[in-house]
Structure formats: structure tokens, C-alpha cells
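The next block holds one structure in the form of C-alpha cells; read it before the comments.
The values are calculated or read from the model by the stated rules, or taken from the named source; none is laboratory data. Worth saying up front: this structure is predicted, and the values here are computed from it rather than measured. Positions of Cβ are generated from backbone atoms using ideal geometry, with glycine treated the same way; all protein chains shown enter the neighbour counts.
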Amino acid sequence: MNNKQVMLDVYEQGEGIPAIYTHGWADDRTAWDGVINSLENHARNISWSLRGHGKSDAPPPGNYTRDHTLDDLARIVDISDDPVVLIGHSLGGYLSLAYALQHPDRVRALVLIAAGPGFRKEETREQWNTSVQASAKKMDIPAGSEEAALHVDSWVIDSLEDITVPVLVIVGENDKRFAASMAVFEKYLDVKASVIVPGAGHSVHKKHFRPVATAIQGFLSKI
């Protein structure tokens with residue numbers, strides 16, 4: 001896939017409801033392999049790696065803003081002619097929410113896994129961004145790619161009530177930072193089920209992919 005010289009690494013498996021899997025920052029599409037293999041043919045599973053991640057192209061710094069990543073996600077969604085289920089982990093969940101706000105007609109449902117809606121307070125955003133930038137300096141990642149994980153406004157969290165599709169929320173029992181987001185989602189979104197996976201941390205979809213896949217399968221059967 002080519003758009004402005006940025007090639008995106010995409011994997012597709014199965015038939016049925018189109019489901020788009022978006023991973024978190026500093027991960028890649030293979031993070032979803034356990035979930036997808038467990039679902040087998042219960043969905044048309046499409047996973048992809050964000051620019052600068054996995055085998056996708058890594059453009060120069062300045063090309064990793066939210067708008068860049070949402071444009072890439074739009075290209076992936078366009079693989080399907082039908083409305084899709086967006087399944088996102090961490091940053092991928094945030095991007096899924098943002099895409100649903102931009103293109104409500106293209107989204108059938110949302111699965112938010114260890115995800116957050118951003119921050120209302122500028123001070124909190126700055127603390128988050130400082131943490132991301134400090135972590136990026138210690139990681140072997142393309143220069144500038146950390147921008148995808150930075151928060152510049154409160155647009156998503158302030159607009160949650162505009163999202164009307166059914167939602168499944170999944171979080172690991174030990175993922176305290178993102179467990180707090182569950183209450184926010186339950187307050188503002190049409191959450192059909194909230195699943196807490198015992199003994200799991202932030203990477204719940206990788207280390208506990210079977211209960212995650214079971215929850216997704218049950219959710220897909222009802223939408």
C-alpha cells in the first residue's frame with residue numbers, strides 16, 4: 001500500500017465482519033496474532049503496523065502526528081466496503097476513538113483494550129508527553145515516531161458522547177493506569193460489556209489472548 005511514499009504493513013485473515021486491529025505505541029501488528037488466530041473465521045481480521053513501527057515505512061520526523069496516523073487508519077478501513085469494527089490497544093484504542101469521531105458512518109462498533117481517551121487538563125497532558133519523550137530516548141525506534149503517542153488537546157475525551165456505536169472495553173486486572181479509563185468509557189459511551197482479565201497487565205491482548213479473543217467473539221456475535 002502506498003500513499004505519499006509511506007508503505008503500511010498489513011495482514012488479513014478470515015471472513016465475516018470486518019475488524020481492524022490497531023496496536024499501541026512501540027509495538028506492531030504481530031501483537032494481535034494470538035487474538036486473530038484464536039478468532040479464526042469469526043471475523044475478517046485486518047491488522048496493520050503504524051508508520052515507523054514493524055515493517056511499515058518510517059518517514060522523517062514531523063510525519064507522525066495524529067492526523068498522519070488517522071489518515072493511515074482511514075486507508076486501512078477503506079480495505080472494506082462495509083462499516084468496520086475498530087479494535088485498538090492503548091494508542092490504537094485512542095486512534096480508534098478519534099477515527100470514530102471523524103467518520104461515524106464507517107464504524108460499526110469499537111473494542112477498546114487497555115486504552116484511554118486522552119486528558120482534559122493541559123498539565124496532565126504535559127506530564128504524559130514528558131513521560132513518552134523520556135521513554136523514547138531509551139528505545140530503539142525511528143526518530144520522531146514518538147509524536148504519535150503525544151497528546152496535543154482534549155478533543156477526543158471532550159467528544160466521547162458523540163460516539164454512539166456499541167463498545168466493548170477490556171483491561172488487565174493489574175493495569176491500574178488504564179483501568180481508570182473504564183469508568184470514563186462506561187459513563188460516556190454505549191458500553192455493552194466491560195471485561196477485566198485476571199492477572200493481566202497492560203499487554204493483556206498478547207499474554208492473555210484467549211480470554212480477549214473470547215470476549216471479542218461474544219461481542220461480535222451480538223452486534
Any chance region 199-217 includes a residue that's buried (at least 20 other Cβ atoms within 10 Å of the Cβ), part of a strand (DSSP E or B) and in contact with a Gly (Cβ under 7 Å, 6 or more places away or on another chain)?
no
State which residue is surrounded by the fewest Cβ atoms within 10 Å (Cβ to Cβ) when the search covers only region 86-104 and only residues that are in a helix (DSSP H, G or I) and of a type in the set (A, V, I, L, M, F, W, C).
Leu101
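One line per residue, one yes/no per condition, for (1) under 18 Å from Gln217 (Cβ atoms); (2) of a type in the set (A, V, I, L, M):
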position	(1), (2)
Gln5	no, no
Gly16	yes, no
Ala26	no, yes
Leu50	no, yes
Gly54	no, no
Leu70	no, yes
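Taking region 14-32 on its own, how many of its residues are closer than 26 Å to Pro142 by Cβ, without any contact (Cβ under 8 Å) to a residue 40 or more places away in the chain and either of a type in the set (D, E, K, R) or in contact with a Lys or Arg (Cβ under 8 Å, 6 or more places away or on another chain) (or both)? First the steps, then the outcome.
The first filter runs over region 14-32 and keeps only residues closer than 26 Å to Pro142 by Cβ, leaving 20-32.
Cutting the leftovers down to without any contact (Cβ under 8 Å) to a residue 40 or more places away in the chain gives us 28-30.
Narrowing further to those that are either of a type in the set (D, E, K, R) or in contact with a Lys or Arg (Cβ under 8 Å, 6 or more places away or on another chain) (or both): 28-29.
Qualifying residue count, region 14-32: 2.
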Keeping to region 167-206, report how many residues are modelled with pLDDT under 95 and either charged (D, E, K, R) or within 23 Å of Thr30 (Cβ to Cβ) (or both).
3
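Kindly check whether there is at least one residue in region 6-16 that is of a type in the set (A, V, I, L, M), in contact with a strand residue (DSSP E or B) (Cβ under 9 Å, 6 or more places away or on another chain) and within 26 Å of Thr164 (Cα to Cα). Before the answer, list the steps.
The initial filter retains those residues of region 6-16 that are of a type in the set (A, V, I, L, M), namely 6-8, 10.
Adding the requirement that they be in contact with a strand residue (DSSP E or B) (Cβ under 9 Å, 6 or more places away or on another chain) leaves 8, 10.
From the residues that got through so far, the ones that are within 26 Å of Thr164 (Cα to Cα) too are none.
No: region 6-16 contains no residue that is of a type in the set (A, V, I, L, M), in contact with a strand residue (DSSP E or B) (Cβ under 9 Å, 6 or more places away or on another chain) and within 26 Å of Thr164 (Cα to Cα).
Would you say Asp158 is surrounded by fewer than 16 Cβ atoms within 10 Å (Cβ to Cβ), without any contact (Cβ under 8 Å) to a residue 24 or more places away in the chain and not polar (S, T, N, Q)?
Working: surrounded by fewer than 16 Cβ atoms within 10 Å (Cβ to Cβ): yes; without any contact (Cβ under 8 Å) to a residue 24 or more places away in the chain: no; not polar (S, T, N, Q): yes.
No, not satisfied.
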Within region 185-223, residues in contact (Cβ under 8 Å) with a residue 40 or more places away in the chain, β-branched (Val, Ile, Thr) and within 21 Å of Glu161 (Cα to Cα) come out as Ile223
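Criterion first (among the aromatic types (Phe, Trp, Tyr) and free of Cβ contacts under 8 Å to residues at least 40 places away in the same chain) does Tyr11 satisfy it? Full working, then the answer.
Working: among the aromatic types (Phe, Trp, Tyr): yes; free of Cβ contacts under 8 Å to residues at least 40 places away in the same chain: yes.
Considered against the rule, which asks whether it is among the aromatic types (Phe, Trp, Tyr) and free of Cβ contacts under 8 Å to residues at least 40 places away in the same chain, Tyr11 comes out as yes.
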